[in-house]
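What follows is a short report on a single structure.
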Amino acid sequence: MVLSTVVFVTRRKRRTSSELLVLPDAGFPRALIPELSKEPAPVGAMASAEPLTALSRWYLYAIHGYFCEVMFTAAWEFVVNLNWKFPGVTSVWALFIYGTSILIVERMYLRLRGRCPLLVRCLIYTLWTYLWEFTTGYILRQFNACPWDYSQFDFDFMGLITLEYAVPWFCGALIVEQFVIRNTLRLRFDKDAEPGEPGGPLALANGHVKTD
């Protein structure tokens, strides 16, 4: 009988169903009781999971920008010259330039995501990209170290930026926000995990964790 498995805590006040005490050894199916069917979470299972530091995120952003520039220049060489060798080129300076730029775009995203629609945010990112590209290029040019030159384009300014790249920068900003920044902000480090050891519930905190 179901009634034999339920005991009221007191007779003075009628309790709700959530306040009933269910005897675990009375043979009542645990699957029918959500509170009992759930396994208790290990203590501290997520306590050691921490977001990536700014330096770690900068590193991921730098590698992403570096890789994308190599792929873009390789694709450009193929489209323009039909070069099947796909020679992608870039500069070590690109690591600092892209890593710092995307880290700043990340801060913009966190501030603007609830205030501006996506296309407006991408327009702001594009304007920032032009400003950052011109600034870093101008500084590097003082040391004869600027690795790009847009002088052959029709709508360039001082050879440091060019209007022809507006659409690629806009599309790049869209990809950066929607795929790179949002997923990077979801990553977590487990400071107590040992490299190479199989993990239990803690392994979930060491990978992709959604926060929104």
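Some observations on this one:
- Test: residue in region 156-179 that is modelled with pLDDT of 95 or more, open to solvent by 80 Å² or more (accessible area, probe 1.4 Å), on the phi > 0 side of the Ramachandran plot and not β-branched (Val, Ile, Thr): yes
- Residue 121 being in a helix (DSSP H, G or I) and among the basic types (Lys, Arg): yes
- Any chance residue 150 is open to solvent by less than 30 Å² (accessible area, probe 1.4 Å), hydroxyl-bearing (Ser, Thr, Tyr) and farther than 27 Å from residue 53 by Cα: yes
- Any hit, region 162-172, residues being closer than 17 Å to residue 73 by Cβ and touching a strand residue (DSSP E or B) at 6+ places or on another chain (Cβ under 9 Å): yes
- Selected residue [modelled with pLDDT of 95 or more, more than 19 Å from residue 65 (Cα to Cα) and out of contact with any Leu (no Cβ under 7 Å at 6 or more places or on another chain)] from 112, 185: 112
- Region 124-153, subset in a loop (DSSP other than H, G, I, E, B) and small (Gly, Ala, Ser), residue nearest to the chain's Cα centre (by Cα): 145
- Test for residue 109: is it at negative phi and open to solvent by less than 50 Å² (accessible area, probe 1.4 Å): yes
- Neighbours by Cβ (under 6 Å, 6+ apart or cross-chain): first from region 124-143, farther than 12 Å from residue 161 by Cβ and surrounded by 13 or more Cβ atoms within 10 Å (Cβ to Cβ); second of a type in the set (Val, Ile, Thr) and modelled with pLDDT of 95 or more: 125/105
- Against the numbered list (1) surrounded by fewer than 16 Cβ atoms within 10 Å (Cβ to Cβ); (2) within 14 Å of residue 172 (Cα to Cα); (3) under 16 Å from the mean Cα position of the chain (by Cα), residue 104 comes up short only at (2).
The values are calculated or read from the model by the stated rules, or taken from the named source; none is laboratory data. Since we're looking at a predicted model, the values are computed, not measured. Counting neighbours? That spans all protein chains shown, and the Cβs are built from the backbone with ideal geometry, glycine included. Areas reflect the complete protein model, heavy atoms only, side chains present, ligands, DNA and RNA absent. Shrake-Rupley method; radii C 1.70, N 1.55, O 1.52, S 1.80 Å.
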